[in-house]
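First up is the structure itself, then whatever we jot down about it.
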Protein chains: 2
Amino acid sequence: MRTIALLVSYDGTGYSGYQSQPEGNTVQDRLEHAIRLLLGEPVKVHGSGRTDAGVHALGQVVSFRTDSRIPIERWALALNARLPEDIVVRAAVEAPQAFHARRSAIRKTYRYMIDSSQFPDVFGRQYAFHHPKPLRFDAMRESLRHLIGEHDFTSFTSPNSTKPSHIRTLYEAKLLHLPGGDGFQEEGRGKSCLYLTGNGFLYNMVRIIAGTLLQIGEGKRQPEEMARILAARDRAAAGPTARPHGLTLMSVEYGPEWGIDWQAAIHRRR
Amino acid sequence: MRTIALLVSYDGTGYSGYQSQPEGNTVQDRLEHAIRLLLGEPVKVHGSGRTDAGVHALGQVVSFRTDSRIPIERWALALNARLPEDIVVRAAVEAPQAFHARRSAIRKTYRYMIDSSQFPDVFGRQYAFHHPKPLRFDAMRESLRHLIGEHDFTSFTSPNSTKPSHIRTLYEAKLLHLPGGDGFQEEGRGKSCLYLTGNGFLYNMVRIIAGTLLQIGEGKRQPEEMARILAARDRAAAGPTARPHGLTLMSVEYGPEWGIDWQAAIHRRR
């Protein structure tokens, strides 16, 4: 048996999330369907984690096991020919037998994109949350430093979470402000992207952090409250869960022992 | 009567073009419908020019006349509340009585975006033409200089054109190559944008230039052929008409005598 890992992008707009569910219409379903069309047999695909309905991915990683002898450099093209245009396999690599997209992951990076232009950018509206009032980017940035490090993130997950531990480590938390697409820049306007990198994320964690950050940006809360919200270990202390379409899973990282090298795979393929 | 001009963005994916037609589903129809909802009376809207089905606009300009006394700074918000989310009025200005979005225009800029990554960027797929093979950007750039200036562009328009003259002046023609979104850059890959600025464009002119440019990029034609194609004044000499979804009308310019200042309008509004 071979273990194959895929680097996958998808526009989550039309899907009920990554992971299979009884109602269907998930990214996992589409990937398993494409592999089945290619191999003529069912294959179970494991994602690095689920993404909710409407959430996007630039660099989701999935893995599966197969007896197929199709050369590794042919997989991406063969699967893309069998996938809808809003799901693209960017690369395929042969991984060590024990590799598992979720269990082997050590770091993930998410982006939450906010468009605080008065009127939304029509070309990016599916990928950014539109907030029509200016935001205090400096206050938002200041609040983020309280989140860095190892913490109990209970305030930033659903009260229904069944995880045995809510302790996670956030390695990086930054807010980048992009020059306005319309050329008429004004204070607090334009697109801003929250990037969070950590060793793991609880259910809704990025979206609740983004919802809290928006309240700080609006001036409803002060930056130093972020520390108190974290310390409260109470979902009610944090802000609302920001809408899913602003969220994108950017990348998933694995330890060097797995030898996952997407760049080499992309170059070899050509 | 007041003359009002609007700066409008739209995602043309779902529309049968800008200009009204018997089958409906055009951007003009949606704008006229929104104005009618606001004023309670029909208004005829004039665009700076038509855009084909599937073509987008960042800065289309439209004008209309009305007796309404609604203050100019309220129009954008009022119309956006009555428009679908893929059409956004970015600003409204009060123009001199004689202003007309098409007749008063002196320069337009179009962008044709090409994605020559092996697999398309899922997040930009609606706005870029996907060409899965690498392109010779330098050859493409070299060919463009032959188009600059005043020329008879008969080779680059439909043989059914009914325009009395095919002479137009191209002020600028450039190809910008954007860093690859996937971080794995390779020669001839990534996104490239053709920007054309001229005093006017014939039917399909930008798309035929883009289609010819793609043949030069692929190596099917040499850069110096662009001069011969232009001189031929024959549609058959040029390449195919590139697909509409890569095309965006970026901006329309008017002489200073009209006093159209979008930036001031956007700032006043807030």
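The values are calculated or read from the model by the stated rules, or taken from the named source; none is laboratory data. Computed from a predicted structure; not experimentally measured. Glycine also receives a Cβ, built like all others from the backbone with ideal geometry; neighbour counts cover every protein chain displayed.
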Any idea which of (1) within 14 Å of chain B (Cβ to nearest Cβ); (2) more than 30 Å from B:His130 (Cα to Cα); (3) outside any loop (DSSP other than H, G, I, E, B); (4) of a type in the set (S, T, N, Q) is the one A:Thr109 doesn't satisfy?
(2)
Test result for A:His100, closer than 25 Å to A:Asn25 by Cα, more than 12 Å from every other protein chain (Cβ to nearest Cβ) and not basic (Lys, Arg)
yes
Odd one out for A:Leu176 among (1) within 30 Å of B:Gln60 (Cβ to Cβ); (2) crowded, with 16+ Cβ neighbours inside 10 Å; (3) free of Cβ contacts under 8 Å to residues at least 40 places away in the same chain:
(2)
Among (1) under 30 Å from B:Gly246 (Cα atoms); (2) in the same structural domain as A:Leu230 (by TED's automatic domain parsing), A:Arg90 falls short only on (2)
Just checking, which of B:Val93, B:Val89 is β-branched (Val, Ile, Thr), buried (at least 19 other Cβ atoms within 10 Å of the Cβ) and within 11 Å of chain A (Cβ to nearest Cβ)?
B:Val89
Taking the range A:251-263 and keeping only residues that are in contact (Cβ under 8 Å) with a residue 24 or more places away in the chain and facing another protein chain (nearest Cβ under 10 Å), one is left with A:Ser251, A:Trp262
Can you say whether B:Leu77 is closer than 23 Å to A:Pro120 by Cβ, touching a strand residue (DSSP E or B) at 6+ places or on another chain (Cβ under 6 Å) and within 13 Å of chain A (Cβ to nearest Cβ), as far as the supplied structure shows?
no
For residues in the range B:228-243 being of a type outside the set (A, V, I, L, M, F, W, C) and surrounded by fewer than 19 Cβ atoms within 10 Å (Cβ to Cβ), which is nearest to the other protein chains (Cβ to nearest Cβ)?
B:Arg243
Looking only at the range B:116-141, count every residue that is touching a strand residue (DSSP E or B) at 6+ places or on another chain (Cβ under 7 Å), charged (D, E, K, R) and either in a loop (DSSP other than H, G, I, E, B) or within 11 Å of another protein chain (Cβ to nearest Cβ) (or both) and tell me the total.
1
Can you pull out the residues in the range A:95-115 that are of a type in the set (Val, Ile, Thr) and in contact with an Asp or Glu (Cβ under 9 Å, 6 or more places away or on another chain)?
A:Ile106, A:Thr109
Of the conditions (1) within 30 Å of A:Leu249 (Cα to Cα); (2) modelled with pLDDT under 95; (3) surrounded by 18 or more Cβ atoms within 10 Å (Cβ to Cβ), B:Gly49 satisfies every one except a single condition; which number is it?
(1)
For the subset of the range A:1-17 comprising residues that are in a loop (DSSP other than H, G, I, E, B) and more than 14 Å from chain B (Cβ to nearest Cβ), which member is modelled with the lowest pLDDT?
A:Met1
Run A:His46 past the list (1) within 14 Å of chain B (Cβ to nearest Cβ); (2) in contact with a strand residue (DSSP E or B) (Cβ under 6 Å, 6 or more places away or on another chain) and report the number of the one that doesn't hold.
(1)
Residue in the range B:56-64 that is away from chain A (no Cβ under 14 Å), assigned to a loop (DSSP other than H, G, I, E, B) and closer than 24 Å to B:Thr109 by Cβ present
no
Of all residues in the range B:90-125, count the ones that are aliphatic (A, V, I, L, M), over 30 Å from A:Arg90 (Cβ atoms) and in contact with a Ser or Thr (Cβ under 8 Å, 6 or more places away or on another chain).
4
Being within 21 Å of the chain's Cα centre (by Cα), touching a residue at least 40 places away in the same chain (Cβ under 8 Å) and not assigned by TED's automatic domain parsing to the domain that holds A:Tyr10 narrows it down to one residue among A:Arg111, A:Arg136; which is it?
A:Arg111
Which numbered condition B:Asp29 misses (of (1) assigned to a loop (DSSP other than H, G, I, E, B); (2) farther than 29 Å from A:Arg189 by Cβ):
(1)
Test result for B:Gly149, under 18 Å from the mean Cα position of the chain (by Cα) and not hydrophobic (A, V, I, L, M, F, W, C)
no
